[in-house]
1. Any idea which residue in the stretch B:140-152 is farthest from A:Val67 (Cα to Cα), counting only those that are buried (at least 24 other Cβ atoms within 10 Å of the Cβ) and within 10 Å of another protein chain (Cβ to nearest Cβ)?
2. Identify, please: which residue in the stretch B:155-184 is free of Cβ contacts under 8 Å to residues at least 40 places away in the same chain and among the aliphatic types (A, V, I, L, M) and is, among those, farthest from B:Phe269 (Cα to Cα)?
3. Within the stretch A:3-23, how many residues turn out to be under 10 Å from A:Leu47 (Cβ atoms) and either under 14 Å from the mean Cα position of the chain (by Cα) or outside any helix (DSSP H, G or I) (or both)?
4. Going by the structure shown, is A:Gly97 closer than 18 Å to C:Ile21 by Cβ and either modelled with pLDDT of 80 or more or of a type outside the set (A, V, I, L, M) (or both)?
5. State all residues of the stretch A:1-43 that are over 23 Å from B:Ser140 (Cβ atoms) and facing chain C (nearest Cβ under 7 Å); if no residue qualifies, say none.
6. Here's a check for you: in the stretch C:17-32, which residue that is surrounded by 22 or more Cβ atoms within 10 Å (Cβ to Cβ) and more than 11 Å from the chain's Cα centre (by Cα) is farthest from the other protein chains (Cβ to nearest Cβ)?
7. When you check A:Ala33 against the structure, is it within 16 Å of the chain's Cα centre (by Cα) and crowded, with 23+ Cβ neighbours inside 10 Å, yes or no?
8. Say whether the condition of being buried (at least 19 other Cβ atoms within 10 Å of the Cβ), in a helix (DSSP H, G or I), at pLDDT below 85 and more than 11 Å from chain B (Cβ to nearest Cβ) is met by at least one residue in the stretch A:44-64.
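The values are calculated or read from the model by the stated rules, or taken from the named source; none is laboratory data. Every value quoted in this text rests on a predicted model; they were computed, and no experiment measured them. Here the Cβ positions follow ideal geometry from the backbone for every residue, glycine too, while neighbour counts run over all protein chains shown.
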Amino acid sequence: MTPRLVFDVAAGLAILFACVMVVHRHPVKSVLALVVSFFALAVTYVLLAAPLIAAVQVIVYAGAILVLFLFVLMLLNVPEEVRQTPDRPIHQALSAGAIVAFAAALLASLRAYGATRAAPSAELPPGDLAPVARLLFSDHFLSFEALSILLLAALVGSFVLARREESP
Amino acid sequence: MSASDVGMLALRVLAPVLVILIVLPMLQWVERRGAGLIQDRPGPNRVGPFGLLQPLADVVKFFMKEDLIPSHADRFLYVLAPGLATFAALTTFAVIPYGATLNIRGNPVPLVGADVSIGILYLFAVTSLSVYGIVLAGWSSNNKFSLIGGIRSSAQIISYELAMTTAAAGVILAAGSFRLTDVVAMQSGSWLSLPYRGWTVVPQLLGFVVFFVSAFAETNRLPFDLPEAEAELVAGYHTEYSAMKFAMFYMAEYINVVVASALMVTLYFGGWSFPGFHPTSLGGVVLSVLIFAVKTAFFVWIFMWVRWTLPRFRYDQLMRLGWKALLPLALLNLFWVAGLVLWNAL
Amino acid sequence: MTANGIPIGDVLLASGALFVIGLAGALLRRNAISIFLAIELMMNAANLAVLGYAAALHSLEGQIVVFFVIAIAAAEAAVGLAIFVALFRHTETIDVNQINLLKW
């Protein structure tokens, strides 16, 4: 069980369940497929020497954001998307074309540059949290504080948006 | 990694899980007899001496019952949900240290499933996944009582997780590490020295109270068992479940109680350590495991005691308590601990 | 160039594949919440690439960037879902093809 094998399996699972998410027409099942996909991504993060991010990924994404999605889906009781004749054929054709073109461009640029850029520098002990925390609260302290203000703004904003209007 | 290493690892991981699974039916007996004691009635006393074989009879009953799947349920998720609940509950135990370090032919073997650097974060990650079992059970049953139970549970668990994590952040701050073995090591020193190295509960009593109350909400136990409030929601999210699937939700609840108790012991009551006790020999290590078990059992009993003593909260009261009382208190505790750490008192 | 014995090519390929899948979901789905999920997936694809390079370059800055992206995604999800709830109250649907009026 080399790290590479584990990484490839986890990444494959993430891709597989991402496909399930896009293809499945039931929104609740889509959310669940994405949970599995994000969980597999967390495994790849551990292998890329970022256990803190892996934990944050599971706690924030799988544990909070996607639960919120499920919560809203249940609250609104969103029905399954019905398969219907495409009412905007041009839109869909253009979308499909754009996706294929983008994938081709991405693959081409990966082949050209992907694996050759940048050179490795000093070793870092994998999985140690203290250096990350030190960096976060020294060099990036201002961004961290700005982020807390952003979260506060989001909190107030979502409260205002979702509040039921008082009956006149 | 040799074969004996693999065997040792498997033993370290599986031993606590097996112990929990064996103790689980006993817990049910303790709860029912305890309920009898508190309510001044005998409780189950027909099967075996003191009703001791009652759990066994219940297990047989669960196996023999017909396993119903409602016709309008989403079959896949309906079957998946109880498994998910039990799985999330069982995997939490992997990072909790349950004994002192064992010495086998000069090799130190810490008695913990996996001593990872993100121990506490792992715990919160897995507990945050436990909500899926309940939410999916509620949704897939296609029953309004189940659905309301599932929605209540997701709101409740997200709300109380915040207070719980903030309270635990105080302990992390004091220990300077997410590693749970470090948290225990921090608490196994002297109670009189400065910096203080005794049980965390003394300097962080406020944090402990917040954590303790949140633990009840996270495990969906009375007085916070709104997701399955039988007076209004029949049985909440597991209304439609029967036989072994119901038993799995039942198991998940008890495992969560044990894990929450073990976590409280580890974070606030010194884990396996005891003042003036520094195990070196094999006997000492066994004693340390026993100390951990006794402390955990004490908190499990408190869970049951509270269940049969307090009435249920109303849902808006529950939310108000979580957001307006526990979260500010947890933040206050965090500031207090930060001050103590700053002035080298911790 | 490898990260922990994992070739950076593998990481980038996985990241690219996830991004394209997310793009396809965002363009082809009609349910607003599914589109939102696809956008979350695209963000995660980018995160994976950043972490891959961070590990290969032995840099910690990558982890900080991803940390911020996750926090911003949380804020985005809160506001986005609030918008959907408000939208659903007005129009009783979250199918983006049926939400075609600027003023109700």
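1. Ranking the qualifying residues of the stretch B:140-152, first place goes to B:Ser140.
2. The extreme case among them is B:Ile158.
3. Residues flagged as under 10 Å from A:Leu47 (Cβ atoms) and either under 14 Å from the mean Cα position of the chain (by Cα) or outside any helix (DSSP H, G or I) (or both) within the stretch A:3-23 amount to 1.
4. Working: closer than 18 Å to C:Ile21 by Cβ: yes; either modelled with pLDDT of 80 or more or of a type outside the set (A, V, I, L, M) (or both): yes.
So A:Gly97 passes the test.
5. Result: A:Thr2, A:Pro3, A:Arg4, A:Phe7, A:Asp8, A:Ala11, A:Ala14, A:Ile15, A:Leu41.
6. Ranking the candidates gives C:Arg29 first.
7. Numbers: within 16 Å of the chain's Cα centre (by Cα): yes; crowded, with 23+ Cβ neighbours inside 10 Å: no.
So A:Ala33 fails the test.
8. Taking every residue of the stretch A:44-64 in turn, at least one turns out to be buried (at least 19 other Cβ atoms within 10 Å of the Cβ), in a helix (DSSP H, G or I), at pLDDT below 85 and more than 11 Å from chain B (Cβ to nearest Cβ).
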